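Colleague: Encoded as C-alpha cells, here's the structure I'll be asking about.
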Amino acid sequence: MRKVVIPIGPQHPALKEPESFNVTLSGERIMAFSARLGYNHRGIEKACEERTYLQDVYLIERICGICSHTHSTCFVQAVEEIAALEVPRRALYIRTVIGELERIHSHLLWLGVAGHEVGFDTLLMYTWRDREVVMDILADVTGNRVNYGMNTIGGVRRDLDAAHIKSMLKAVDTLEDRTKYYIQVAREERTLIERLSKVGTLTHEDAVKLGAVGPTARASGVDRDTRRDDPYAAYGELDFKVVTDDHNDVYGRTLVRMGELMESYKIIRQAIKNMPDGPIAIKSPRRIPAGEALSRYEAPRGEDVHYVKANGTDRPERVKVRAPTLANLQTVEKMLEDGQLADLPIVIAAIDPCFSCTDRSIVVRRSGVRSKNMIRWEDLRSRGIEWYRENRGIDFAKLNRKLSDRMR
Amino acid sequence: MTEAIVGATAKEEAIRQKLVERFPFLADKVRATRPRRIFALVEAKDFENVLVFAIQELGFTILCTITGLDDGPTLGFVYHITRQDGITLNIQYDVPKENPVINTVTKYFPPAEIYERELIDLLGARVEGLGEGVRYPLPDDWPAGEYPLRKDWKKKISDTEAENA
C-alpha cells in the first residue's frame with residue numbers, strides 16, 4: 001500500500017495545544033512519526049535573567065496553567081538552597097498540601113480529557129464537575145483556581161486556618177468517594193478497558209531507555225517518584241505509596257493516575273494532621289549569594305527540574321527549566337509505532353501534555369443588547385440544570401443538591 | 001572536613017572519593033553541596049571518561065537534562081545525571097565560545113537529543129555526532145547566528161513594536 005504523510009498541527013482539533021506532528025501512514029497504520037515542538041516557547045529562561053528573584057517566582061508560576069505550584073516550588077527550592085535559607089516546617093507542609101491539591105485537579109482534568117478522546121464524554125462531564133470541588137478549595141485557600149501565588153522565597157504567603165482545613169478535609173472525603181467510583185468504572189467497564197488496553201504500548205525497557213517520567217513511566221513498571229527518591233517539602237516525613245502498573249499502555253496510565261489520586265488524599269490528610277505550628281516564611285535577602293542548585297519536583301506529569309545559578313546580585317545568572325512533557329514526548333513515537341491513526345489523540349493525551357485552564361467568570365453577550373453581563377458560577381450551574389430539565393427532560397437538581405449537601 | 005562537603009552524607013562522600021580515586025585531578029573539583037547533590041567541574045577532554053565512569057561504575061543512568069551556560073569567554077555545559085536513590089551528579093565542562101563544539105551524549109542517553117538541539121538553538125553550541133533532525137525550540141525562519149540565551153543577545157524590536165513604542 002502507498003505511504004501517505006499527513007501533517008497534524010500546529011493547530012488541529014485533535015490537539016489541545018500547538019505542536020506539529022508528521023505521521024506516515026500505510027492505510028490506517030502508523031509507520032513513522034515525527035514531532036516539531038517549540039510553538040509555545042516564550043523565552044521565559046531569558047526573561048528570568050532580566051528580572052529579580054521575586055519577580056521570577058511569579059513569572060515561573062506562569063510557565064504552566066496547571067502545574068503552576070509545581071514550577072514555583074521547584075524554583076524557590078533552588079533559590080532557598082543557594083541562599084541557605086531555613087524554610088519553616090509549616091511552610092513545607094503547606095507547600096505539600098497545595099502540591100497534592102494541584103495533582104488532584106490535574107489528574108481529574110486528565111481523566112476527563114482521556115474520556116473525551118475515546119468518546120466517553122460522560123466521564124469528562126463527571127470528572128470535570130468533581131474537579132470543581134478541588135478548584136473551589138484552591139480558590140478558597142489561595143484566592144485563585146490556578147496560579148495560586150502561594151510560594152515566596154523563604155516560605156509561603158498564606159497560612160491555612162481552621163476553616164480552610166475543615167473544608168479541605170470535607171472535599172478530600174467527597175473526592176475520595178468519587179475516585180473510588182472511577183476506579184470501579186475503570187476496572188469493570190468493558191468498553192473503557194477494551195478501548196484503552198494495548199493502545200500506546202511502551203515497554204518497561206523503552207520507558208527506561210527513552211527517559212520517560214511520571215505516570216507515563218510508572219505505568220510501564222518504572223518505580224520512580226521524586227517525592228520518594230529525592231524528597232523535598234514535607235514528603236520525607238509522610239507515608240505514601242508510589243503507584244506503578246505493568247499494563248504498559250494507556251489503560252495502565254489511567255490506573256496509575258487513579259491510584260495516585262487515592263495517595264494524594266492520604267498525603268493531604270497526613271500533612272494536615274502532622275502540620276507543625278509556627279511561622280510560614282522567613283525573610284529572604286534581595287541579593288542571593290553566588291552559587292548553584294538543582295531542584296527536582298514530582299509534578300503531576302512527572303519530574304520537573306530547575307537549575308538555578310546565582311551571581312551575588314538580585315537577578316539570577318541562569319535559570320534552566322526542564323518540564324516533564326519534554327521528557328515524555330520522546331516516548332510518543334515508540335507508543336505510536338505500528339498503531340492506528342485513530343489512537344493518536346488518546347496516545348498523545350495519555351502522556352498528559354500540558355494545557356492551560358484559567359478563568360472562572362464567563363462573559364455572556366445578550367442578543368440585541370450591547371452591554372456585557374457577568375454571570376456567577378452558581379447562576380450558570382442553575383441555568384444549566386434548568387435548561388436540561390426543560391429541553392431534555394432530565395432533572396439534575398437532585399444530584400446537584402446531593403453534591404452541595406456533601407460540601408456543606 | 002572541608003567546606004566543600006558540608007551537608008553531605010556518607011553516600012555522597014563515598015561517590016566523591018570514588019571519583020577522585022579514579023580521576024585524581026578531580027580532587028578539588030568535586031563538591032557534595034547537600035544530601036543527594038554532587039557538583040563536579042571537569043576539563044572538556046576528560047568529560048566523556050568521567051561521564052562513562054559515572055554511568056557504568058557509579059550507577060548514574062538517568063539523564064535529567066543538560067543546562068547550557070554563557071560564562072563570557074566560555075560556554076558551560078552541565079549534565080544533570082541521577083540514579084534511583086535520588087543522588088544527582090552535575091558534571092560541568094567549559095568550551096571556548098569562539099569554537100563551542102561538544103560531543104553528543106545520545107549514545108549513552110538517547111533522550112539527550114532534544115536537550116542538545118535546545119543547546120544548538122539557544123546557545124549556539126555545535127554538537128558533534130548528532131545527526132540530522134528537527135530543530136528545537138526556535139521557529140524555522142529564525143535568523144542564523146542569533147542565539148537568544150547568550151548574554152550579549154538583545155531582543156530586536158520589530159517595526160510594529162517601534163511604531164507603538
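Colleague: Could you list all residues from region B:62-94 that are more than 8 Å from chain A (Cβ to nearest Cβ) and either open to solvent by 40 Å² or more (accessible area, probe 1.4 Å) or among the polar types (S, T, N, Q) (or both)?
Modeller: Result: B:Asp71, B:Pro73, B:Thr74, B:Arg83, B:Gln92, B:Asp94.
Colleague: Now for a different question. Among the residues of region A:59-75, is there at least one that is touching a residue at least 24 places away in the same chain (Cβ under 8 Å), more than 20 Å from the chain's Cα centre (by Cα) and in the same structural domain as A:Thr331 (by TED's automatic domain parsing)? Quick ask: steps written out before the conclusion?
Modeller: Initial filter on region A:59-75 (touching a residue at least 24 places away in the same chain (Cβ under 8 Å)): A:60-75.
Now narrow it down to the ones that are more than 20 Å from the chain's Cα centre (by Cα): none.
For region A:59-75, residues touching a residue at least 24 places away in the same chain (Cβ under 8 Å), more than 20 Å from the chain's Cα centre (by Cα) and in the same structural domain as A:Thr331 (by TED's automatic domain parsing): absent.
Colleague: Condition first: open to solvent by 40 Å² or more (accessible area, probe 1.4 Å) and not in a loop (DSSP other than H, G, I, E, B). Now tell me which residues in region B:95-105 satisfy that. Walk me through how you get there before you give the answer.
Modeller: Taking region B:95-105 and keeping what is open to solvent by 40 Å² or more (accessible area, probe 1.4 Å), we get B:96-99, B:101, B:103.
Hits for region B:95-105 are B:Pro96, B:Val101, B:Asn103.
Colleague: If you take the residues of region A:10-46 that are closer than 30 Å to B:Lys156 by Cα and at pLDDT 90 or above, which of them is farthest from the other protein chains (Cβ to nearest Cβ)?
Modeller: Among them, the one singled out is A:Ile44.
Colleague: Let me ask you something else. I'm trying to understand the selection: among the residues of region A:269-319, which are acidic (Asp, Glu), away from chain B (no Cβ under 14 Å) and farther than 20 Å from A:Gly236 by Cα?
Modeller: Filtering region A:269-319 down to residues acidic (Asp, Glu) leaves A:277, A:292, A:298, A:303-304, A:314, A:317.
Within this subset, residues satisfying the condition of being away from chain B (no Cβ under 14 Å) are A:277, A:314.
Result: A:Asp314, single match.
One line per residue, one yes/no per condition, for (1) open to solvent by 30 Å² or more (accessible area, probe 1.4 Å); (2) within 23 Å of A:Gln270 (Cβ to Cβ); (3) hydrophobic (A, V, I, L, M, F, W, C); (4) in contact with a Cys (Cβ under 9 Å, 6 or more places away or on another chain):
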| site | (1), (2), (3), (4) |
| --- | --- |
| A:Gly115 | no, no, no, no |
| A:Thr122 | yes, no, no, no |
| A:Asp130 | no, yes, no, no |
| A:Asn151 | no, yes, no, no |
| A:Val156 | no, yes, yes, no |
| A:Asp159 | yes, yes, no, no |
| A:Lys170 | yes, yes, no, no |
| A:Thr174 | no, yes, no, no |
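Colleague: Is it the case that region B:52-59 has a residue that's at pLDDT 95 or above, open to solvent by 20 Å² or more (accessible area, probe 1.4 Å), at the interface with chain A (Cβ under 9 Å from one of its Cβ atoms) and closer than 18 Å to A:Asp229 by Cα?
Modeller: no
Colleague: State which residue is nearest to the chain's Cα centre (by Cα) when the search covers only region B:122-165 and only residues that are within 17 Å of A:His41 (Cα to Cα) and part of a helix (DSSP H, G or I).
Modeller: This residue is B:Leu123.
Colleague: Can you give me the number of residues within region A:244-253 that are crowded, with 24+ Cβ neighbours inside 10 Å and out of contact with any helix residue (DSSP H, G or I) (no Cβ under 6 Å at 6 or more places or on another chain)?
Modeller: If we filter region A:244-253 for residues that are crowded, with 24+ Cβ neighbours inside 10 Å, which is where we start, we get A:250, A:252-253.
Next cut, out of contact with any helix residue (DSSP H, G or I) (no Cβ under 6 Å at 6 or more places or on another chain) only: A:252.
Count: 1.
Colleague: Where the second residue is in a loop (DSSP other than H, G, I, E, B) and aromatic (Phe, Trp, Tyr) and the first is not assigned by TED's automatic domain parsing to the domain that holds A:Leu344 and lies in region A:20-43, which pairs have Cβ atoms under 8 Å and are six or more apart or on separate chains?
Modeller: Cβ pairs passing all conditions: A:Ser20/A:Tyr39; A:Arg36/B:Tyr136; A:Leu37/B:Tyr136; A:Gly38/B:Tyr136.
Colleague: Okay, moving on. Here is a check on your reading of the model: is A:Arg187 under 30 Å from A:Ile288 (Cα atoms), open to solvent by 70 Å² or more (accessible area, probe 1.4 Å), modelled with pLDDT of 95 or more and over 20 Å from the mean Cα position of the chain (by Cα)?
Modeller: Spelling it out, it is not the case that A:Arg187 is under 30 Å from A:Ile288 (Cα atoms), open to solvent by 70 Å² or more (accessible area, probe 1.4 Å), modelled with pLDDT of 95 or more and over 20 Å from the mean Cα position of the chain (by Cα).
Colleague: Output the qualifying pairs, or none if there are none: Cβ atoms under 9 angstrom, residues six or more apart or on different chains, first residue in region B:44-58 and farther than 20 Å from B:Gln84 by Cβ and among the basic types (Lys, Arg), second residue modelled with pLDDT of 95 or more and open to solvent by less than 30 Å² (accessible area, probe 1.4 Å).
Modeller: B:Lys45/B:Tyr93
Colleague: For region B:45-85, enumerate the residues that are in a strand (DSSP E or B), among the small types (Gly, Ala, Ser) and over 15 Å from B:Ala112 (Cα atoms).
Modeller: Answer for region B:45-85, where residues must be in a strand (DSSP E or B), among the small types (Gly, Ala, Ser) and over 15 Å from B:Ala112 (Cα atoms): just B:Gly76.
Colleague: Right, next: Can you name the number of the only condition in (1) closer than 30 Å to A:Leu85 by Cα; (2) touching a strand residue (DSSP E or B) at 6+ places or on another chain (Cβ under 6 Å); (3) of a type in the set (A, V, I, L, M, F, W, C) that A:Leu336 fails?
Modeller: (1)
Colleague: Now for a separate question. Can you give me the number of residues within region B:95-124 that are within 15 Å of A:Lys320 (Cα to Cα), within 11 Å of another protein chain (Cβ to nearest Cβ) and among the acidic types (Asp, Glu)?
Modeller: 2
The values are calculated or read from the model by the stated rules, or taken from the named source; none is laboratory data. Being a predicted model, the structure only gives us computed values, none of them experimental. When we count neighbours, we look across all protein chains shown, and the Cβ atoms used for this are built from the backbone with ideal geometry, even at glycine. Heads up: the accessible areas ignore ligands, DNA and RNA and are worked out on the full protein's heavy atoms, side chains in. Shrake-Rupley method; radii C 1.70, N 1.55, O 1.52, S 1.80 Å.
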